[in-house]
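First comes the structure, then the notes that go with it.
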Amino acid sequence: MDKTLVATVEDHRIALLAALAITIHIAESALPTPLPGIKPGLANIITIATLCLYGLRTAAWVLMLRVLAGSLLLGTFLSPTFALSFSGAVAALLVLSVARLTPGLGFGAVGYSLLAAMAHMAGQFTVAYWLFIPHPALLQLFPVLMTAAVLFGLVSGIIVATMLKHFR
C-alpha cells in the first residue's frame with residue numbers, strides 16, 4: 001500500500017477538530033445577530049485550543065477546513081459571506097503566525113484569541129469596504145465591530161484557557 005494514502009494520527013486529529021469546529025460554526029449561524037458582521041465566533045474556540053495544544057500548522061488546517069466545509073454545508077461557498085469569512089480567517093492566521101514567531105511575548109489562550117478576533121474582524125471589514133460597500137459611512141461601524149471582536153475574543157480566550165487547564 002502506498003504510504004501517502006495512509007491517514008496519520010495528525011490527519012485524524014485535524015479531521016476531528018475540524019468537524020467539531022464546523023458543527024459549532026453551523027449551529028452559530030442560526031443565532032440572531034444585533035448587527036451584520038457581529039457573531040460570537042464560538043468555533044474559534046476550537047482553533048485557539050488547537051493552536052495552543054498542537055501548533056500553528058494544525059490550527060491552520062482546522063480553521064481553513066471549517067471555513068471551506070462550513071460554507072459548503074451552509075450554501076454560502078463563493079458568496080460574499082464566504083469572501084468575508086475567508087478573508088477574516090486568513091487575517092487571523094497571519095496575525096497568529098507572527099504572534100507564534102515572536103519570541104518572549106508569551107501569548108496565552110486569551111492573547112491569541114484577542115489577536116485572532118481583532119484580525120478576523122479587521123480582515124472582514126477591509127474586504128467588505130473594498131469589495132462590497134466602499135462608502136465612508138461604513139467606517140463609522142469599525143469601532144463598534146472591533147469592540148465586539150475584543151469582547152467576543154476575550155470570552156472565547158477565557159473559555160479556551162479554562163478548557164486547557166482541564167486538559168493539562
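Only the coordinates and a few stated rules stand behind these numbers; no lab work does. None of the values given here were measured: they were computed from a predicted structure. We place every Cβ from the backbone using ideal geometry, glycine too, and count neighbours over all the protein chains shown.
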In vacuo Debye sum over C-alpha of the range 3-167, base-10 log of normalised intensity I(q)/I(0) at q = 0.17 Å⁻¹, listed in q order, is -1.03
For the range 3-167, the charge dipole (Cβ of Lys, Arg +1; Cβ of Asp, Glu -1; about the Cα centre) points to a positive end, and the Cα of A69, Q124, I38 closest to that extreme belongs to A69
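Estimate the FRET efficiency between L35 and L164 by the formula 1/(1 + (r/R0)^6), using the beta-carbon distance for r and 30 Å for R0, to the nearest 0.05. The partial results should precede the final answer.
Values: r = 31 Å, r/R0 = 1.03.
Once rounded, the FRET efficiency stands at 0.45.
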Applied in sequence order to the range 112-122, the curve 6.51 cos²θ - 1.76 cosθ + 1.60 (Karplus, θ = phi - 60°) yields integer Hz couplings, x standing for Gly and Pro, of 4, 5, 4, 4, 5, 5, 5, 5, 4, 5, 5
With x for Gly and Pro, the residue-by-residue ³J(HN,Hα) of the range 46-56, computed from phi through the Karplus equation 6.51 cos²θ - 1.76 cosθ + 1.60 at θ = phi - 60° and given in whole Hz, is 5, 4, 5, 4, 4, 4, 5, 8, 10, x, 5
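Run the dipole for the range 3-167 about the Cα centre, Lys and Arg Cβ at +1, Asp and Glu Cβ at -1, nothing else charged, and hand back the magnitude in debye, nearest 20. Working shown, then result.
Numbers: 7 positive and 3 negative charges, 45 e Å.
The calculated dipole for the range 3-167 is roughly 220 debye.
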By Cβ neighbour count within 10 Å, fewest first, E28, E10 rank E10, E28
Expressed in nanometres to one decimal, the distance between label points 7 Å along Cα→Cβ at F132 and L16 is 3.5 nm
Proxy exposure order for F125, F167, F107, F132 (fewest C-beta within 10 Å first) is F167, F132, F107, F125
Rounded to the nearest 10, the angle in degrees between the Cα long axis of helix 9-29 and the longest principal axis of the Cα atoms of the chain comes to 30 degrees
